[in-house]
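Contents: one structure, followed by commentary.
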Amino acid sequence: MKVGDDIDCTCPRCKVILSHTVLFFGEDGRIGAVQCRTCGLQHPYRSHGRAGVRRAHRSPKTLKELVEGGSFEERMSRLGQGLVRPYDMGESFRAREAIEHRRFGIGFVLRVVEGRMEVLFKDGVRTLVHGG
């Protein structure tokens with residue numbers, strides 16, 4: 001494990017276990033701080049063994065929608081000019097919308113549930129927080 005590697009960690013803002021980037025190690029060799037790849041929050045590393053925190057999961061419905069909607073490349077080929085909304089955690093999004101995340105690029109909203117949404121990016125499906 002080194003700085004810049006990805007690790008699953010509990011995000012205090014998102015309240016779920018998500019992928020984080022290692023920022024630095026302490027003198028004892030343990031991970032000192034991480035940055036959430038979903039919301040961008042930098043915080044001390046917390047292992048994902050915390051009680052009361054839900055693990056983000058993928059439902060079978062998401063996989064079905066992914067197959068029905070096509071691959072990332074197929075969706076990009078059907079995307080028209082001006083139909084991409086910038087991602088903002090405070091905004092509400094709906095399934096089948098195209099968004100642009102500052103770090104992950106263009107993505108397609110697959111499913112929206114309780115203030116979270118699953119988005120298909122070029123490198124895979126990610127769970128993002130949103131206002132709705």
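Quick look at the values:
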{"read-out": "Residue identified as within 12 Å of the chain's Cα centre (by Cα) and surrounded by fewer than 15 Cβ atoms within 10 Å (Cβ to Cβ) among Arg103, Arg96", "value": "Arg103"}
{"read-out": "Inter-residue pairs, beta-carbon under 7 Å, first free of Cβ contacts under 8 Å to residues at least 24 places away in the same chain and in the stretch 90-114, second small (Gly, Ala, Ser), 6+ apart", "value": "Ile99/Gly107; Val109/Ala95; Val112/Ala95; Val112/Gly132"}
{"read-out": "Among residues of the stretch 82-97, those that are under 22 Å from Ser19 (Cβ atoms) and assigned to a strand (DSSP E or B), counted", "value": "1"}
{"read-out": "The lone exception for Ile31 - which of (1) modelled with pLDDT under 85; (2) of a type in the set (A, V, I, L, M); (3) closer than 24 Å to Lys2 by Cα it fails", "value": "(1)"}
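The values are calculated or read from the model by the stated rules, or taken from the named source; none is laboratory data. What you see is a predicted model; the values in this text were computed from it and never measured. Cβ atoms come from the backbone with ideal geometry, glycine included; neighbour counts cover every protein chain shown.
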